[in-house]
Amino acid sequence: MLRTKRPDESGRGRHECLRHGDGGGYRVTKIISVEAEPYSFEFSAATCALLIIDMQRDFLEAGGYGAMLGNDVSQLRRTIEPNQRLLAAWRAKGLQVLHTREGHRPDLSCLPLTKKVRGRSAISIGDLGPMGRILVRGEAGHDIIPELYPQAGEAVIDKPGKGAFYATDLHTILQNRGIRQLIVTGVTTEVCVNTTVREANDRGYDCLVLEDCCGSYLPDMHEAGLKMIKEQGGIFGWVSDSASVLTALGY
Ligand code: C5J
């Protein structure tokens, strides 16, 4: 495939011509440009997916794991509405969506002992809570919140670690679907979002993280997590917000 960019154009509405080897036909792909830091993030609809990280009841709802550990879930719940708006717009354009869930097999065979005991908390992964066994696949608390529930055709990646690429088929799915760019949202900013963005970066994906669609129980960690992504010329990726993506999509 041969790619030619029109040299005089930049930003919104720019087009890229993709010429296919057989037959020499051209397909014109619109480049969508989102205002972002450290500079604009560009993607084409066919090669970009929305990746929503761990918007699970155990992290976001009263009675879930996060709340049982004494965290203020409102810090995460403020991300629900912007995620809903973005997801609705993304779906309406027919673009690709993937969701992740952090959790473990019921026999806990994919749960390292280190993760089970870290924090020395009275309750830990696998214990029984108000929404079933904490972060165990198949339990109510492990599932995605109803407000952002996956639709048919949207891949749900069950991950045992913080990063969505570790011990999952996410990379294979993205490769098979021709995805090269990810718009990443979800919780928590400094843990699973950051780990996933770093893993994606090392695998050759460009990631745009949306600050209003990501959250942390600890606001200063949210800020730090975003800063680490966009510093040094975007060492791990870009940071923007949902309004900028919606504007770029023509809403
Ligand atoms: C955490 C996550 N914080 N999804 N998980 O343990 O960030």
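Within the range 179-195, restricting attention to residues that are polar (S, T, N, Q) and in contact with a strand residue (DSSP E or B) (Cβ under 6 Å, 6 or more places away or on another chain), which residue is farthest from the ligand (Cβ to nearest atom)? I'd like the intermediate steps shown before the answer.
Of the range 179-195, the ones polar (S, T, N, Q) are 181, 185, 188-189, 194-195.
Those still in the list that are in contact with a strand residue (DSSP E or B) (Cβ under 6 Å, 6 or more places away or on another chain) too: 181, 185, 189.
On the way: Q181: 22, T185: 12, T189: 8 Å.
The residue in question is Q181.
Confirm whether E199 is in contact with a Phe, Trp or Tyr (Cβ under 8 Å, 6 or more places away or on another chain), of a type in the set (D, E), over 17 Å from E42 (Cβ atoms) and at pLDDT 95 or above. Show your work before the answer.
On the way: in contact with a Phe, Trp or Tyr (Cβ under 8 Å, 6 or more places away or on another chain): yes; of a type in the set (D, E): yes; over 17 Å from E42 (Cβ atoms): yes; at pLDDT 95 or above: yes.
Criteria met by E199.
For the range 28-60, name all the residues that are within 16 Å of the ligand (Cβ to nearest atom) and open to solvent by less than 30 Å² (accessible area, probe 1.4 Å). So that I can check it myself, show each step before the final result.
We begin by selecting, within the range 28-60, every residue within 16 Å of the ligand (Cβ to nearest atom); these are 51-60.
L51, I52, I53, D54, M55, Q56, D58, F59, L60 - these are the residues of the range 28-60 that are within 16 Å of the ligand (Cβ to nearest atom) and open to solvent by less than 30 Å² (accessible area, probe 1.4 Å).
Here are G138, G163, G204, G153: which of them is assigned to a loop (DSSP other than H, G, I, E, B), within 14 Å of the ligand (Cβ to nearest atom) and free of Cβ contacts under 8 Å to residues at least 40 places away in the same chain? Explain how you work it out, then say what you get.
Details: G138 fails: within 14 Å of the ligand (Cβ to nearest atom); G204 fails: within 14 Å of the ligand (Cβ to nearest atom); G153 fails: within 14 Å of the ligand (Cβ to nearest atom).
From the options G138, G163, G204, G153, the qualifying one is G163.
Would you confirm whether or not the range 98-105 contains a residue that is touching a Phe, Trp or Tyr at 6+ places or on another chain (Cβ under 9 Å) and open to solvent by 70 Å² or more (accessible area, probe 1.4 Å)?
no
Where residues in the range 195-251 are β-branched (V, I, T) and surrounded by fewer than 18 Cβ atoms within 10 Å (Cβ to Cβ), which of them is farthest from A89 (Cα to Cα)? Quick ask: steps written out before the conclusion?
Applying the first criterion (β-branched (V, I, T)) to the range 195-251 yields 195-197, 209, 229, 235, 239, 245, 247.
Keeping just the survivors that are surrounded by fewer than 18 Cβ atoms within 10 Å (Cβ to Cβ) gives 235, 247.
Working: I235: 28, T247: 11 Å.
Here the residue is I235.
Which members of the range 166-189 meet the condition of being assigned to a helix (DSSP H, G or I) and open to solvent by 50 Å² or more (accessible area, probe 1.4 Å)? Step through it out loud before you land on a result.
Taking the range 166-189 first, the residues assigned to a helix (DSSP H, G or I) are 170-176, 189.
Those that are assigned to a helix (DSSP H, G or I) and open to solvent by 50 Å² or more (accessible area, probe 1.4 Å): H171, T172, Q175, N176.
The values are calculated or read from the model by the stated rules, or taken from the named source; none is laboratory data. Just so we're clear, the structure is a prediction, and the values are computed from it rather than from any experiment. Here the Cβ is made from the backbone with ideal geometry for all residues, glycine too, and neighbour counts use every protein chain on show. Just so you know, the surface numbers come from the protein's heavy atoms only, side chains and all, with ligands and any DNA or RNA stripped out. Shrake-Rupley method; radii C 1.70, N 1.55, O 1.52, S 1.80 Å.
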